[in-house]
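The block underneath contains the structure these notes are about, expressed in structure tokens.
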């Protein structure tokens, strides 16, 4: 049997022939993704990928006409990506991260690189197996087994290697700080070092052949070599703008492109082109208010190319750069301060001179005419789909009664910039603003009357519990309460001296958040007394919402969304798909939420109410596991399809979080990054999926703690290999994605996963008698002994029986005796129903045999209570013929015949 490279089980499991549930926060504005994009690769004329901030990877399959955001499972900044083909790709980034996909980005796995916390600025693969990555402090690592293992390369330089380009597996260049260039001609074994005159940092390199290459520096220079890096000549590109050149690509020996920006203000973008092999460069694009990091022309196509950069900006040319057209559609790029939905479909968000609106639940947003384009609007509130209010400068509260088509100014008696609004009914509302001003209306905003507050500090938020009781919070610990509809406001003692940014109330629970150090305070007596809670980070918080007396959310800077499920006593972070500041959050329904922030960002989630978390420890000493991934898996018992509902990385503190899970029954399993760490383990602590405890994540489920089994073995050359096959007939149909375990003397020594052709191989095997165990969702587990005496075995094939049935209990009266009924229909194709009765709880076995007596399928093998049962048997995997089914329950045994006709 031909063997393949051993792959970690996590890679294989998440890449099953099934769907990966796309969960979490998705971008609604701008249309592509508002995260900064740092690397771009078109793998063919239609398919391309880009990566960037917050673990972002986006994909197009229609030549850039539309892009989807992929679920990478990480929030780490990604600097570089490279694809071997449309399916196999890699991305590298901050803290030594490299992630891999083998299904075109549908799922990703973090690789164990050994790079520690070094930032990896580049990754490049020369073929399916061989790749390099470079980064901080001269870091260079190499793989020859498709990323399974990485070997450090001694580049002999301590500088940051921002640039890297390999011509083939053996010859490559890297460049970085101080104009340092290192070169290898023997696949990284040895390196020589030179410097380009001028001393400017090298940000990118590109070689068009073995001798001719280019190095782009951070200050207006492109250096060229025609002697394989022995000497370099630098030319200036643009003496007017002095661009920061980020990326360079040549489509042939003479034509190349540069992507650049203004590194002083990051508000200018440039694209340059050469048609004479770098002798001259002409500016093709100059764009304000953005910055470009990457450019790519697929497969040497000199006409069609893409460039991307700051805040998800993306351009495309179809005529060799003569014209560059933006691909990012956005209702606004202005910072959005506040969002409000009067119903599930209609919503509004406001910012500086900006009002945007949706009427279809956020699928589309349109920019409305702001009544004062030069005014800052920080608050918005609509009492229905048409009637609402926004704040403005110069004492304006703007009102619309036709959904934002027209606005009229209503000026309160108290002059202020009004930050937030809250209406308790269609007529009565409040506006809180600067300098301690609160105004109230009782006629739907026609008139506003000021209320005395006794403070001059700015208010940032206001919320009412009922017609009498409300709260307002603001700067310098201002937290005021009224119990008479605002006639009087009283400062409540609290532990905060900084600035409050939001408050929320639900029942007797009140929570307020601060923009200073991320502090939250909580009250359980309707705001009479307050206690401080530090939610685990000193990053500022900007808003807070409570969905119930227990569940709440808060937003903050750098894309922070945190959640509590215990009334604010503790908080955990939810991945938000962005690293930009989030300023407001609103829930039209308990499961649907919208968040707004920098650069016109609008995010949306449909399943924010579900969350699963826990810790992962080793069983032997309860030490915390510091790497790997935990996945939520669903089994379709009718088809044996495995669906990945969600996943989360195991953090250094042993904690994992899986956000935004659908409320569905799932198996929870932990998978390692290294096959020398621990074996794949189901919750709570088993390698047998049949013994695992399933979880239904309705709302937030905490303390789903997994105890994994440590691998106790060193690196050796021993190998057990073979194939995993379905049923009892070898080489007829394979079982992919089964995990095969090797246990010696009660200790796990190795494991492997069967790949798409059924092959598996377990490395690091020493001599001995092993307990071999095979487990795969939807199949009966197999356990047997195997004696290994050295060398490599290609003949250890494992046979697994599928569960091919679904069972139901009819209920009703307890049956008087045991009975196995004739299946119906019979003959059948491909499904039939088998019914049986058991008068008392028993271990029940229901098996299918062929005419020779070979076991073909296990339909039931577990304890069942007394009752009448129906079993749906799907025989699509079997060939036509006569079969027998046998029921064993206690001392009862009966067999009947069935016929499959295809």
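The values are calculated or read from the model by the stated rules, or taken from the named source; none is laboratory data. It should be emphasised that the depicted structure is a prediction, and the values quoted were computed from it without experimental measurement. We place every Cβ from the backbone using ideal geometry, glycine too, and count neighbours over all the protein chains shown.
Numbers below:
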read-out: Within region 207-227, tally of residues that are outside any loop (DSSP other than H, G, I, E, B) and surrounded by fewer than 20 Cβ atoms within 10 Å (Cβ to Cβ); value: 1
read-out: Among the candidates 696, 747, residue that is over 19 Å from residue 620 (Cα atoms) and out of contact with any strand residue (DSSP E or B) (no Cβ under 7 Å at 6 or more places or on another chain); value: 696
read-out: Condition met for residue 491 (out of contact with any strand residue (DSSP E or B) (no Cβ under 7 Å at 6 or more places or on another chain) and at pLDDT 95 or above); value: no
read-out: Residue list for region 238-272, filter: closer than 19 Å to residue 315 by Cβ and more than 36 Å from the chain's Cα centre (by Cα); value: 238, 241, 255
read-out: Among residues of region 382-432, those that are within 41 Å of the chain's Cα centre (by Cα), in the same structural domain as residue 458 (by TED's automatic domain parsing) and surrounded by fewer than 22 Cβ atoms within 10 Å (Cβ to Cβ), counted; value: 6
read-out: Looking only at region 231-250, and only at residues there that are assigned to a loop (DSSP other than H, G, I, E, B) and at pLDDT 95 or above, the one that is surrounded by the fewest Cβ atoms within 10 Å (Cβ to Cβ); value: 231
read-out: Options 320, 300, 347, 353; residue that is outside the structural domain of residue 86 (by TED's automatic domain parsing) and crowded, with 19+ Cβ neighbours inside 10 Å; value: 347
read-out: Scan of region 650-702 for residues that are part of a strand (DSSP E or B) and surrounded by fewer than 23 Cβ atoms within 10 Å (Cβ to Cβ), ordered by number; value: 655, 657, 667, 686, 695, 700, 701
read-out: Test set (1) out of contact with any strand residue (DSSP E or B) (no Cβ under 7 Å at 6 or more places or on another chain); (2) at pLDDT 95 or above - residue 339 fails condition number; value: (1)
read-out: Elements of type strands (runs of 3 or more DSSP E) contained in region 86-176, each with 3 or more residues being buried (at least 18 other Cβ atoms within 10 Å of the Cβ), in the same structural domain as residue 227 (by TED's automatic domain parsing) and modelled with pLDDT under 95; value: 98-101
read-out: Residues of region 65-78 classified as crowded, with 20+ Cβ neighbours inside 10 Å and under 20 Å from residue 297 (Cβ atoms), total; value: 1
read-out: Those residues of region 111-141 which are within 20 Å of residue 193 (Cβ to Cβ) and over 26 Å from the mean Cα position of the chain (by Cα), in sequence order; value: 137, 138, 139, 140
read-out: Selection status of residue 456, over 30 Å from residue 344 (Cβ atoms), surrounded by fewer than 18 Cβ atoms within 10 Å (Cβ to Cβ) and without any contact (Cβ under 8 Å) to a residue 24 or more places away in the chain; value: yes
read-out: Identity of the residue in region 334-353, touching a residue at least 60 places away in the same chain (Cβ under 8 Å) and assigned to a strand (DSSP E or B), that ends up farthest from residue 588 (Cα to Cα); value: 351
read-out: Filter result for residue 812 (over 30 Å from residue 769 (Cβ atoms) and either in the same structural domain as residue 751 (by TED's automatic domain parsing) or assigned to a loop (DSSP other than H, G, I, E, B) (or both)); value: yes
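Residues are listed down the side, and each one gets a yes or a no for (1) crowded, with 20+ Cβ neighbours inside 10 Å; (2) part of a strand (DSSP E or B); (3) at pLDDT below 90:
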site: 836; (1), (2), (3): yes, yes, no
site: 843; (1), (2), (3): no, yes, yes
site: 847; (1), (2), (3): no, yes, yes
site: 853; (1), (2), (3): no, no, yes
site: 861; (1), (2), (3): no, yes, yes
site: 870; (1), (2), (3): no, yes, yes
site: 876; (1), (2), (3): no, no, yes
site: 885; (1), (2), (3): yes, yes, no
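Conditions (1) farther than 24 Å from residue 782 by Cβ; (2) touching a strand residue (DSSP E or B) at 6+ places or on another chain (Cβ under 9 Å), marked per residue:
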{"site": "848", "(1), (2)": "no, yes"}
{"site": "852", "(1), (2)": "no, no"}
{"site": "870", "(1), (2)": "yes, yes"}
{"site": "876", "(1), (2)": "no, yes"}
{"site": "896", "(1), (2)": "yes, yes"}
{"site": "899", "(1), (2)": "yes, yes"}
